[in-house]
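A.B. asks: Pasting a structure below so you can have a look.
The values are calculated or read from the model by the stated rules, or taken from the named source; none is laboratory data. Source: prediction; values computed, not measured. We place every Cβ from the backbone using ideal geometry, glycine too, and count neighbours over all the protein chains shown.
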């Protein structure tokens, strides 16, 4: 079972022999705020995480339970290009729908937009075959 941020805060606070009130005073918040953090209601403000981590003698990464190697691997150029073609196809379809609803689309322009969208969708499908 993965520990939550609140569970980490509570465990580390207790390991350091601090009460919720003591941690709250050091953080400049109320003991109710610390209690809520430990129950995973709201999380501490992101700007306060370095101070909280320092008070609990851990790094921000340790506090947030970030392990090395857990980042999302970068996309290859081919994957990025394929994603762009899909986005353009979707955008063209949405543009045609919205402009049609607003009665702001000439037929010729709609055909061009749909043509661009279909071409991008086709290229995306071809890229997926590889």
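A.B. asks: Residue 23 fails exactly one of the following numbered conditions: (1) surrounded by fewer than 17 Cβ atoms within 10 Å (Cβ to Cβ); (2) at pLDDT 95 or above. What is the number of that condition?
C.D. replies: With respect to (1) surrounded by fewer than 17 Cβ atoms within 10 Å (Cβ to Cβ); (2) at pLDDT 95 or above, residue 23 is out only on (1).
A.B. asks: Still on this structure: Regarding residue 54, is this residue modelled with pLDDT of 90 or more, more than 30 Å from residue 32 (Cβ to Cβ), within 28 Å of the chain's Cα centre (by Cα) and part of a helix (DSSP H, G or I)? Walk me through it before giving the result.
C.D. replies: On the way: modelled with pLDDT of 90 or more: yes; more than 30 Å from residue 32 (Cβ to Cβ): no; within 28 Å of the chain's Cα centre (by Cα): yes; part of a helix (DSSP H, G or I): yes.
For residue 54, the condition - modelled with pLDDT of 90 or more, more than 30 Å from residue 32 (Cβ to Cβ), within 28 Å of the chain's Cα centre (by Cα) and part of a helix (DSSP H, G or I) - is not met.
A.B. asks: Scanning for something within 15 Å of residue 8 (Cβ to Cβ), in the same structural domain as residue 10 (by TED's automatic domain parsing) and not in a helix (DSSP H, G or I), does segment 24-38 turn up at least one residue?
C.D. replies: The answer is no; no qualifying residue exists.
A.B. asks: Taking the residues in segment 64-85 that are surrounded by 12 or more Cβ atoms within 10 Å (Cβ to Cβ) and over 21 Å from the mean Cα position of the chain (by Cα) as candidates, determine which candidate is modelled with the highest pLDDT.
C.D. replies: Restricting to residues being surrounded by 12 or more Cβ atoms within 10 Å (Cβ to Cβ) and over 21 Å from the mean Cα position of the chain (by Cα), the top hit is 85.
A.B. asks: Could I ask something else about it? Do the conditions hold for residue 42, that is, is it under 30 Å from residue 122 (Cβ atoms) and modelled with pLDDT under 90?
C.D. replies: Values: under 30 Å from residue 122 (Cβ atoms): no; modelled with pLDDT under 90: yes.
The answer is no for residue 42.
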